[in-house]
1. Using a Gaussian network for the chain with springs between C-alpha atoms less than 10 Å apart, which of these wobbles most: PHE114, PHE93, PHE55?
2. What translational diffusion coefficient, to the nearest whole µm²/s, does the chain have by Stokes-Einstein, given a Kirkwood radius computed over alpha-carbon pairs, a temperature of 10 °C and 1.306 mPa s viscosity?
3. Among the listed pairs LYS50/LYS105; LYS34/LYS60; LYS34/LYS103, which have their C-alpha atoms separated by more than 26 angstrom in this model?
4. Given the convex hull over the Cα atoms of the stretch 1-75, what projected area results after averaging over all orientations, in nm²?
5. If you put +1 on each Lys and Arg Cβ and -1 on each Asp and Glu Cβ, how big is the dipole of the chain around its Cα centre, in Debye rounded to 20?
6. Rounded to a whole number, what % of the accessible area of the chain do carbon and sulfur atoms account for, probe 1.4 Å?
7. Quick one: if you stick a label point 7 Å off each Cα along the C-beta vector at LEU16 and LYS60, how many nm between them?
8. If you average the alpha carbon positions of the stretch 84-117 and of the stretch 1-42, how far apart do those two centres end up, in angstrom?
Amino acid sequence: MKVVWYLPIIPRMKHLFANPNDAKNLRWHAYERKYDGMYRHPANFIQWKKFEDEFPEFGKKSRNIRLGLATDRMNLFGNMSTNHSSWSILLVFYNLPPGLCMKQKYMLLSMMIFSPRQLGNDIDVYLSSLIEDLMVMWD
């Protein structure tokens, strides 16, 4: 049996960034980032600029949240021969300074997927709830 636990992200983001200090950190990439040609943060890469060029209305507002999605298989039982598959889906906030980007507080566990076998190409079916929330936030 396959099981998906979805932890809604919208209320957690509202709660997290209701704190004035955290809300101020969301604008770090626009006002405090170093422009010295070094790649210290995702905001320094050409993809960041390309995204802002493609969606200028989004890029104008420095508090708009830029997210990275990461997923990885975990072995919860410590037995490498088990055929059980557990996947975590994390969201990372790229607006934040490099020292905060990867802190546990700012990495949202959005989904856990448990399956008796590998997910393979079917992972998109499980991500539909997360994609719906992301579309709501985009609009």
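The values are calculated or read from the model by the stated rules, or taken from the named source; none is laboratory data. As the structure is a computational prediction, the values presented were derived from the model and not from experiment. Methodologically, a virtual Cβ is constructed for each residue, glycine included, from the backbone with ideal geometry; neighbour enumeration extends over all protein chains shown. Protein only, heavy atoms only, side chains kept; ligands, DNA and RNA dropped before computing areas. Shrake-Rupley method; radii C 1.70, N 1.55, O 1.52, S 1.80 Å.
1. PHE55
2. Values: Rh = 16.9 Å.
Estimated diffusion coefficient is 94 µm²/s.
3. On the way: LYS50/LYS105 29 Å; LYS34/LYS60 19 Å; LYS34/LYS103 20 Å.
The pairs that break the limit, which is 26 Å between Cα atoms, are LYS50/LYS105.
4. Numbers: hull surface 31.9 nm².
Here the figure is 8.0 nm², rounded to one decimal.
5. Working: 18 positive and 13 negative charges, 106 e Å.
Its charge dipole is roughly 520 debye.
6. Numbers: 5410 of 9310 Å².
Answer for the chain: carbon and sulfur cover 58 percent of the accessible area.
7. The modelled label-to-label distance comes out at 2.7 nm.
8. A separation of 12 Å, based on Cα centres.
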